[in-house]
Amino acid sequence: MEPVFISAAILLAILVIVSYYVTNGIGTMGAPMRQFALFLMNKAPVGLVDLFKDEPGSGSRTWIKYGTGWFLLAAICGFIGIWHKYDPTALDSLASIGWSYDDGSALSDFTSSVMGIAFTYLLVGGCLVAVSRAGSNRLASEANASMVAVLYTASMAFSLILIPIIFNFVDITDEQNVRDLITLMTTYVVSSLLFAALLMNVLATYSTRGEGTSSITAWFLIMAVVAKLVANMYHLIGEATDNSQMVWLSERVLDGWVPLALMFALAYHVIPHAAKAPVWSGSLLNANMVLLFVTVPPFFMTESNAGELLQNVGALLLTFSMLPLFAGSINLLATASANSGNVLKNPGALSATLAMFLLPIFAVGSYFTGMDTLTGTDKMLTMSTTIDEGFMYTVGGLMMLSAVFSSYPLAAGRKLADSSRGNMATWFMMFGGLTATITMLIGDFTEKAVLDSGVEDVVASTSGFYLTAAAMFYLVAISVVMATLVLIRTGTSSQKLEELTTGESDVETYTLVDGTTTTIQQLIGRGVGLNTTLVIGDTVDDEGGSTVIAVSASLHNDEVTEFPEEEEVDEVEEIKGPDKQLVMLADYLNKTGQSVFEFFKSIDLDDSGNIDGFELQQALIKSDVGEYPPWEVEALVSAIDLDKDGKLNLPELSIALAQIASNYGAPKADEPTSDDSEESEDEVESEHTEASLSKLKKAELIAIAEDMGVATTGTKSDLVAAILGA
């Protein structure tokens, strides 16, 4: 069997095991393991960790600040690299100070490395904010997170900057092998140790979440870090044993799985938080989470250099990789559309939404160029590199701005200093990155067309395209500078953001219909937070008063009499599953005097004789039964659908409502109601009890007291006593 298949199976097994225990916990070993992790993070290395603050948000702020510095360097180097393609002599003047410039490949490699570091810093920092919000509003060890951020910068600076400078002044035998060894050890060994400490911190923080709750962002972050650690190990083993397949697999994980997982992790926190709406579809979310780690992402593809079997499997998985990318993008865009006004006003959410809009576009382009690279045909020249770099600067750049504009204010406990400048930076990033990528692609197509023509005397001139691309990419550099200024001003702002300490929810209010059965984990998965206002049913005013559940505390302006222990609870509360929705629907038809046929015709919008889940969902909303997410409506349709065709017809709905009336005694249309006659009102008035009067509003008690000619002043208790004593 090919080594890559064995390695991939081991990697997937590790991810499944980690996912299981992250979701379900490790039982009684959880508390001792957390204490041991806290001991390691707070005591090792001795003395070094004590140099950093352990205040809430400091670790996340450190990651984002360092990431912004690397991002600024990457944007500048990216602009210089494109300009150098236009004018190869642009940097020759630096030769007088010892600058030795090559064909541009060294700068390109350096820029790619710096951009990868900046991307990791900013998205990890943004995700750490989300993880801390899911726990106790702080990381298990903020000081350790800050220390890891500083050490990661030191190791990367040593590998990318100091090592080349040292080798320019020191003559070492077999220089290239020594440099490769140092770079390998720094990039994969040291970074693995640092990210292992980060993973320990995330797990210890996540373990403090509420019982039964979960976080999409935390899950994606943990999977990304675990995949990165395993891929680093694979790369070292592959290099040591000269196994190209393991190296290829590690590159696919490090350049594909990890960046995309971090993108989705941050997006699933920023967008629902700004839109104040739950994630739109649970099915798309599951597809996004699962399929991402069993396919081969198209970005930064390299040649497999393997047999036909491996190439065929790789091409198949590359094709399937479109599914999780489209699923995640559509899900997040639909979530943002639930409250587009808030999203457009929030620079961080706007950045993340634009990134999700552009992700499928770049994915399709990278799919075709990546397939060309995977199979080794190389008929598209440098188009694959152009699209990959454009993806990182455009989609990745927008996600990095999202971390700066959304996550940093939460970590700093301050409001974003300049939202208008943040929005401008977002649009500059999108427009500059997209137009620069398109322009360079046109240049690549021109060069390819000339080569395919077979005319030797014709030389493709792409300098004009590179000049235009450099001018467009300049907007990216300006965007990063503006984002840096906004971050600095936010960090020094005096406008405090109470959201960090109060744990403000991603969703302001969330409605639960009477009798709804749910769990905290399901609510958290839909975007509900710690201080979300849960609305249980709707207040229904009729002449018979309101039920215990429907009375809101805001309706009372004075004392509230405690309800007697023997009070009766609405039977609808005890009904579970889809039945309670049908009970409420039957009650609605009874109150409005509609027949099942009339109701069915009113919601059959296309007169097809069948209604689908969407039509039923809209009907439930209009009938005040409740607003349900797609997956709950699917369960209701499945419960009624007798022929299992995925749609409902009139007989199926009629049978279901008839069964509900039989099982739960739903009221018939000919039964008397509270407003049928004045006699029924008199009977109700003559049978006043302390329990029934306690359920009424104060205004209703005053009206009864006026009719009976008793005192109409005082508290609710006084009014009840006066009515009973009459």
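Just so it is clear, none of the values below were taken in a lab; they were calculated from the coordinates. What you see is a predicted model, and the numbers here were worked out from it, not measured in a lab. A quick note on method: Cβ atoms are made from the backbone with ideal geometry, for glycine too, and the neighbour counts reach across all protein chains shown.
Here are a few things to note about the model shown:
- Estimated at 0.36 nm per residue, the fully extended path between Ala240 and Ser638 surpasses their Cα-Cα distance by 137.7 nm.
- The convex hull around the C-alpha trace of the range 3-500, projected and averaged over every direction, spans 25.0 square nanometres.
- In this structure, Asp50 and Ile76 have a Cβ-Cβ separation that, at R0 = 51 Å, corresponds to a calculated FRET efficiency of about 0.90.
- Between Ser602 and Asp109, the contour length at 0.36 nm per residue exceeds the alpha carbon distance by 171.2 nm.
- For peptides 115-125, 649-659, sequence by mean Cβ density within 10 Å, most packed first: 115-125, 649-659
- The range 348-354 - phi-based ³J(HN,Hα) in whole Hz, Karplus 6.51/-1.76/1.60, Gly and Pro as x: x, 5, 4, 4, 5, 5, 5
- With Cα atoms defining each centre, the range 230-280 and the range 301-363 are spaced 13 Å apart in the structure.
- Relative protection proxy for 360-371, 41-52, 244-255, from highest mean packing down: 244-255, 360-371, 41-52 (other beta-carbon atoms within 10 angstrom).
- Each of Lys85, Lys591 has some number of other Cβ atoms within 10 Å of its Cβ, and from fewest to most they run Lys591, Lys85.
- 5 angstrom amide H check on Arg414, placed H, neighbours 5+ away: Leu497
- Cut-off 11 Å between beta-carbons: net charge of the residues surrounding Gly491, Lys and Arg +1, Asp and Glu -1: +4
- Backbone N atoms of the range 410-442 closer than 15 Å to the 7 Å Cα→Cβ label point of Thr492 belong to residues 417-418.
- The label point for Asp612 and the one for Phe368, both projected 7 Å from the Cα toward the Cβ, are 3.0 nm apart.
- In this structure, the pairs whose alpha-carbon distance is over 30 Å, taken from Lys228/Lys415; Lys65/Lys276; Lys345/Lys601; Lys591/Lys698; Lys622/Lys716; Lys601/Lys698, are Lys228/Lys415; Lys345/Lys601; Lys622/Lys716; Lys601/Lys698.
- In terms of the mean number of neighbouring beta-carbon atoms within 10 Å, the peptides 342-351, 394-403, 414-423 order highest first as 394-403, 342-351, 414-423.
- With R₀ fixed at 51 Å, the C-beta to C-beta distance from Gln594 to Ala699 puts the FRET efficiency at about 0.95.
- Fewest-first ordering of Trp427, Trp257 by other beta carbons within 10 Å of each residue's beta carbon gives Trp427, Trp257.
- Spin-label pair Ile438/Thr713, simplified geometry with 7 Å Cα→Cβ offset, distance in nm: 7.6
- Added length on full extension, which subtracts the Cα-Cα distance from 0.36 nm per residue, Ile17 to Ser463: 155.3 nm
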